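So the structure is just underneath, and the comments pick up after that.
The values are calculated or read from the model by the stated rules, or taken from the named source; none is laboratory data. Predicted model only: the values in this text are computed from it and were never measured. Cβ: placed from backbone, ideal geometry, glycine included. Neighbour counts: every protein chain shown. For the accessible areas, the whole protein counts, side chains as well, though only heavy atoms, and no ligand, DNA or RNA atoms are used. Shrake-Rupley method; radii C 1.70, N 1.55, O 1.52, S 1.80 Å.
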Amino acid sequence: GPILVQAERQASVPLGIRSTRIRRDGTTGSDLLAVLEREAGFYTIRTGTGLALGFRVRGSDDLQTAILLDGVALRDPHTGTLDPALVPRVVIESAEIGFGPAAADPGAPTGPGVGGAIRLSSTGPSGCGGVRTEVSAGAYGARRGGGRISAGSDRLCLLVAAEHGQERGDFPVPLVPGAPGRRLGAERKHDSGFARISGSARSVRWSLTGWHSTSGAGLPGPANATPRGAEMDLETGRGALSVRRFGSRFELGFGLHAGHSVSRFRDPAAERNTRAEATSVQGEVVAAGHVEGWRLESRAILGEDRSVRPAADAQHRAVLDLSATRSARRVEASAGLALGAWPGTGFEAVPRLSVGTRGTWSVRASIARAVRPPTLAERTWIPGGNPDLRPESGWSADFGTRLSTPSGWTLDLGAFASLLRDRIVWQPRLVAPGLDVWTPSNVGRSRVLGLESGVERLSRMAGGRLRLRLGATFSRSTDRSDPRAASYGHPLRHLPGTIGSAIAEWSRGPAAVRVDGRWTGRRPVTSDDTRHLPAFTVWDLSGSLALGRALRMQGSLRNLFDARYAMISLYPMPGRHVVLALTLDLFTP
């Protein structure tokens, strides 16, 4: 959605942890995944203009990063996945990203994974009251429309939002003898609804939130094959109740989250018609207070994810999370300890520690343990589930420095490392001559080493504001399991070793223009590092114009130089295409 970086510091993440704060801006030309790629160094995997298979950061896997909306975990309780298109963009007011397990949420169903956490918020600085509508249209039948209305006051506020999106996804593909000249069978549509009622009375604040979405997507075959007519539908819902009581030096809170999801897969050619259904419930009690300069917080969490079909099964988690933060004028130190049992782990102690400084020149450092239990689908999926999967676990460390000058220059440098045992990786397994089934298995030991760098310059040019930014992440995720195996010492499959980004953005009064580029290094497709997908660079050009105080038009020319590339072998991405958007924002100040 319309999101741009505002600052590196976020209040919900300790100073010693690398974090990026992203806020709503007047530009709706980019979706959430594009912004995560451009501003936070994420790598997302897509099969075309629509469906996203996952997003990864710092050499981690998709499920190793939690994603929450207003504190509610959004990932499917059965598969652990989330298509961000199902979150109404018109609702998102801000996104806060904490990198690494020191910033992760111990109560998330996927556990405190090594990737960190993305926290989305529907609460903006404008308070309660106002109307927003957004519509967009683009190439290959892309259409999206959404609206949001809120009314009331701080004492009682009602917010309701809805969004619809669809696309054909029939972009041209390189001509293959005997195959269609366009991408076929990639139709997609989704509908989402969101509602929240919240209020406050004296020292008590409360909220009741609901989110429901449905989606349908065609699953086209490779570019050199005729579509099989396979389809996948998903229906998911979440509800949450939160109550907090604030005192002069303490606060107490209670939360209850519940969810339900149903997915259906149809493949007429293979005569397959499967249905998966799961529920989730989680309760938590929070107590926090300030004692002699320290902020102390404790959370007690109980949760269950239950599969109804294709196999009946349940996973439970019980966590006690304790944290203490001491903040002085220039230094902040934070320590935490999660004590609990996640699915398949038994009792675990998951500590974290971070230290950071403020000022023109700042330093951050953190170290934490990570745990990621297997999902219900990884254990019970038919065919391919592995009931003997062990949970991922390991350690991660991060160090970085940041220099900000009065003249508008900002320089960031950082290094990170993680060592994981039993990393869960899906791989094809031969079950009969000519028949492969994808099955998850544990990689006994894997290691990630990486460097991050970024330089940004804010200045005045031609009467406007100019922002220039270059960033790069260099990481190497390798298999360290068995020195006798062909995969030993080689990169894990489908993870790029290098990601780079460049942004040039100029704004003056009601107008803004931006050029941004994304370079993604080669990705291995075999475990012995003998075959790769080539590196690619994609540039986008976008502009916006405000027509009065509330109305804004945007336009984007995606893949400006018509690059030919693929995230997954034989699944080409679209070439040059256009997206137009219109936003009407009447939120009260």
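For the stretch 215-361, the dipole from Cβ point charges (+1 on Lys and Arg, -1 on Asp and Glu) about the Cα centre works out to 560 debye, to the nearest 20. Per-residue extension of 0.36 nm, minus the Cα-Cα distance of residue 12 and residue 195, leaves a gain of 63.5 nm for this segment.
Here each label is just a point 7 Å from Cα along the line to Cβ, and for residue 404 and residue 486 those points are 5.1 nm apart.
Under the simplified labelling scheme, the residue 164-residue 460 pair shows an inter-label distance of 4.8 nm, with each label point 7 Å from Cα along Cα→Cβ. For residue 140, the accessible surface of its heavy atoms amounts to roughly 40 Å² (probe 1.4 Å, protein chains only, rounded to the nearest 10).
Estimated purely from DSSP H runs of n ≥ 4, each contributing -39500 (n - 2.57), the mean residue ellipticity at 222 nm for the chain is -500 deg cm²/dmol once divided by its residues. What is the calculated FRET efficiency for residue 438 to residue 360, with r their C-beta to C-beta distance and R₀ = 41 Å, to the nearest 0.05? Calculated value: 0.20. A full extension of the chain between residue 252 and residue 155 corresponds to an added length of 33.0 nm, given 0.36 nm per residue minus the alpha carbon distance. The candidate values were (1) 40.5; (2) 25.9; (3) 43.5; the one computed from these coordinates for mean projected area of the Cα convex hull in nm² carries the label (2).
Farthest towards the positive end of the charge dipole of the chain, among the residues 494, 546, 274, is the Cα of 546, using unit charges on the Cβ of Lys, Arg, Asp and Glu. Each peptide in 479-489, 186-196, 310-320 gets a packing score, the mean of other Cβ atoms within 10 Å over its residues, and the list from highest to lowest is 186-196, 310-320, 479-489.
Whole number in Å², please: accessible area per residue of the chain, 1.4 Å probe, ligands, DNA and RNA not counted.
Here the residues of the chain average 44 Å² of exposed surface.
Since only 463, 409, 513 are under comparison, the one whose Cα sits farthest along the positive direction of the charge dipole of the stretch 391-522, derived from C-beta charges on Lys, Arg, Asp and Glu, is 463. Residue 545 label point, 7 Å along Cα→Cβ, cut-off 18 Å on backbone N: hits in the stretch 505-524? Residues 506-515 fall inside that zone. First compute the accessible area of the chain with a 1.4 Å probe, then give the percent of it belonging to carbon and sulfur atoms. Taking all protein chains in place, the chain shows 60 percent carbon and sulfur surface. Only the Cβ atoms of Lys and Arg (+1) and of Asp and Glu (-1) were treated as charged; on that basis the dipole of the chain about its Cα centre amounts to roughly 1300 debye. With the simple model of a label 7 Å out from the Cα in the direction of the Cβ, residue 586 to residue 206 spans 3.1 nm.
The accessible area of residue 128, taken with all protein chains in place and a 1.4 Å probe, comes to roughly 30 Å². Selection among 212, 146, 115 by position relative to the dipole of the stretch 62-215 gives 146 as farthest towards the positive end (Cβ unit charges, Cα centre).
Apply 1/(1 + (r/R0)^6) to the Cβ-Cβ distance of residue 231 and residue 562, taking R0 = 41 Å, and write down the FRET efficiency to the nearest 0.05. Using R0 = 41 Å, I get an efficiency of 0.85. If you plug the beta carbon distance of residue 395 and residue 131 into 1/(1 + (r/R0)^6) with R0 = 60 Å, you get a FRET efficiency near 0.80.
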